[in-house]
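Student: First, the structure itself, so that you have it in front of you.
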Amino acid sequence: MIFLSWGDIPFEQCISEMALAGYRGSEVGNKYPEDPSKLNEYLQIRGLQICNKWFSCYLVSLPIEEVIKSFRADLVYLKTLGADVIGPSEQTRSCQGEPVSVFSEKPTFTNDEFKRLATGMNELGRIARNEGLRLAYHYHMGTGIQTVEETKRFLNDTNPEDVFLLYDSGHFAFSGEDPAAALEMFVSRVGHVHLKDV
């Protein structure tokens with residue numbers, strides 16, 4: 001008997017199985033071709049479309065001009081694919097993928113860092129809206145925006161016309177939060193959804 005890990009499954013098999021299972025599309029995964037025209041070829045013959053892409057943000061630690069340049073490149077990529085959402089997550093001092101606790105070792109942002117993050121995210125949200133896409137912020141385990149309280153503060157500090165929330169039931173559940181109560185609290189800002197079997 002042969003067991004395959006996620007890393008062993010080719011991209012073409014992944015999207016073919018998505019189509020066979022009845023899905024209409026997906027987000028961009030780490031196996032997906034970087035050339036959007038090539039990716040579109042693979043998707044179109046299977047009747048699939050891209051809806052969103054993760055964007056690693058460093059607004060707290062890098063000059064905003066540098067972040068905007070990378071952000072604009074991802075917007076071009078997504079527009080070529082016909083997507084309408086981009087999902088940034090602030091990765092400054094993130095401990096994702098590290099052999100440490102995502103609770104005790106996660107970053108905690110200072111007031112100045114929170115302000116820098118919110119100001120920068122408002123700018124990215126405005127840029128995305130002007131390009132016809134929606135920015136849906138992805139709070140995430142191991143980052144400075146992980147808990148309901150951190151998410152609430154982030155949303156209170158950002159513009160509701162430009163910055164939406166990528167609601168992810170799994171991250172709130174793993175963080176010890178009530179995902180249903182969180183959704184009820186934030187539902188007016190939700191711009192994209194990740195549902196997990198929790």
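Coordinate-derived values only; no laboratory data. Just so we're clear, the structure is a prediction, and the values are computed from it rather than from any experiment. Positions of Cβ are backbone-derived with ideal geometry, glycine not excepted, and every protein chain shown enters the neighbour counts.
Student: For each pair in Lys31/Lys115; Lys69/Lys152; Lys53/Lys196; Lys69/Lys106; Lys115/Lys152, compute the distance between the two Cα atoms and list the pairs where it is over 24 Å.
Tutor: Those over the limit are Lys31/Lys115; Lys69/Lys152; Lys69/Lys106.
Student: Continuing with this model, one more query. Points 7 angstrom from Cα along the Cβ direction at Phe103 and Met185: gap in nanometres?
Tutor: According to this spin-label approximation, the distance is 1.8 nm.
Student: Can I ask one more? Around Leu183, with a cut-off of 15 angstrom between Cβ atoms, what is the net charge of the other residues, counting Lys and Arg +1 and Asp and Glu -1?
Tutor: Charge balance in the 15 Å sphere: -1.
Student: So what's the angle, to the nearest 10 degrees on a 0 to 90 scale, between helix 11-20 and the longest Cα principal axis of the chain?
Tutor: Helix 11-20 and the main axis of the chain meet at about 80 degrees.
Student: Also, I was wondering about something else. For labels at Glu149 and Glu65 in the simple 7 Å Cα→Cβ model, what's the distance in nm?
Tutor: The answer from the label model is 3.8 nm.
Student: Quick one: which residues, 5+ away or cross-chain, put their amide H under 5 Å from the amide H of His194? H built at 1.01 Å from N.
Tutor: Excluding prolines and chain starts, which carry no amide H, the hits are Tyr167, Asp168, Ser169.
Student: Run the Debye formula on the Cα coordinates of the chain, all scatterers equal and no solvent, and tell me log10 I(q)/I(0) at q = 0.08, 0.12, 0.17 1/Å.
Tutor: Per q value, in the given order, log10 I(q)/I(0) is -0.28, -0.64, -1.23.
Student: By the gyration tensor of its Cα atoms, with a ≥ b ≥ c the square roots of the eigenvalues, what is the shape of the range 1-102: rounded for a/c under 1.5, prolate for a/b over b/c, or oblate?
Tutor: It comes out oblate by the Cα gyration axes.
Student: A further question follows. Over the range 62-137, what number does the Rg to Rh ratio reach, with both radii from the alpha-carbon atoms and Rh per Kirkwood?
Tutor: Radius of gyration over Kirkwood radius for the range 62-137 works out to 1.03.
Student: Using a 10 angstrom cutoff on alpha carbons, build the Gaussian network for the chain and name the most mobile of Leu117, Leu166, Leu43.
Tutor: Leu43
Student: Oh, and also: Angle between the Cα long axis of helix 111-130 and the longest principal axis of the chain, 0 to 90 degrees, nearest 10?
Tutor: Value to nearest ten degrees: 40.
Student: To continue, here is another question. Could you give the length gained on full extension between Lys31 and Gln49, defined as 0.36 nm per residue of separation minus the Cα-Cα distance, in nm?
Tutor: 4.9 nm
Student: Okay, moving on. How far is helix 148-157 tilted, in degrees, relative to the longest principal axis of the Cα atoms in the chain, given as a value from 0 to 90 rounded to the nearest 10?
Tutor: Approximately 80 degrees, to the nearest ten.
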